[in-house]
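Please treat every number below as a calculation from the coordinates, not as lab data. This is a predicted model, so every value here is computed, not measured. So basically every Cβ, Gly included, is an ideal-geometry build from the backbone, and we count neighbours across all protein chains shown.
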Amino acid sequence: MTFGQRLKKLRKDKGLSQEQLALMLKKSRSTVAGYETDDRYPEFFSLIEIANLFKVSSDYLLGLSDNPYCNVEQSQLEKNTNSEIEQLLSEAQNTLQNSINLTLAGNPASPEAVQSIIDGIKFGLEQAKLRNVKRQ
């Protein structure tokens with residue numbers, strides 16, 4: 001099966017229209033249609049987003065594996081690790097948001113600045129996950 005055939009099957013199995021999937025991916029319906037007909041292919045981050053949305057591996061989407069899911073042990077390990085990371089991220093977010101005397105460059109940190117720090121931590125976490133996957 002091609003990428004487009006796999007995506008179409010996953011979308012239909014989940015009961016989604018092309019329009020609904022497009023909204024979820026923040027793409028146009030014609031882009032999703034192009035993916036499904038193999039006229040277009042998603043960018044790297046979109047591929048990861050699609051894999052996460054359907055809870056399948058990118059290897060499956062790309063046709064490198066016929067097994068859509070990681071083995072159970074790996075999946076459970078990732079779940080536990082992600083849970084620990086999410087807990088640490090949540091604690092850091094609470095600490096930053098509740099810090100009364102937080103300053104940046106000698107000035108009190110605005111709520112927007114604090115949110116930027118939190119967004120930066122989240123982005124860093126996603127980059128670390130990607131780099132870790134590339135190493136394996």
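What is the packing order of peptides 10-20, 26-36, 101-111, taking the mean over residues of other C-beta atoms within 10 Å and listing the highest first?
Working: 10-20: 14.0, 26-36: 17.5, 101-111: 9.8.
Output ranking for 10-20, 26-36, 101-111: 26-36, 10-20, 101-111.
Suppose R0 equals 30 Å; then what is the FRET efficiency for A105 and A128 from their Cβ-Cβ distance, rounded to the nearest 0.05? Spell out each step's value before the answer.
Working: r = 26 Å, r/R0 = 0.87.
Calculated transfer efficiency: 0.70.
Any chance you could run the full-extension gain for I121 through S30? It's 0.36 nm times the residue separation minus the Cα-Cα distance, nm to one decimal. Don't skip to the end; give the middle numbers.
Details: separation 91, 0.36 × 91 = 32.76 nm, distance 3.36 nm.
That works out to 29.4 nm of additional length.
Provide K8, K55 in ascending order of the number of other Cβ atoms located within 10 Å of each residue's Cβ, fewest first.
Working: K8 19, K55 12.
The order, fewest Cβ neighbours first, is K55, K8.
Give the long-range amide H neighbours of S65: residues separated by 5 or more places, or on another chain, with amide H under 5 Å away, using H modelled in the peptide plane at 1.01 Å from N.
Residues meeting the criterion, in which the H sits 1.01 Å from N, are Y60.
In nanometres, what is the gap between the two model label sites at D39 and Q87, each 7 Å from Cα along Cα-to-Cβ?
4.9 nm
Modelled label-to-label distance, N52 and D13, 7 Å Cα→beta-carbon offset: nm?
Result for the modelled spin labels: 2.0 nm.
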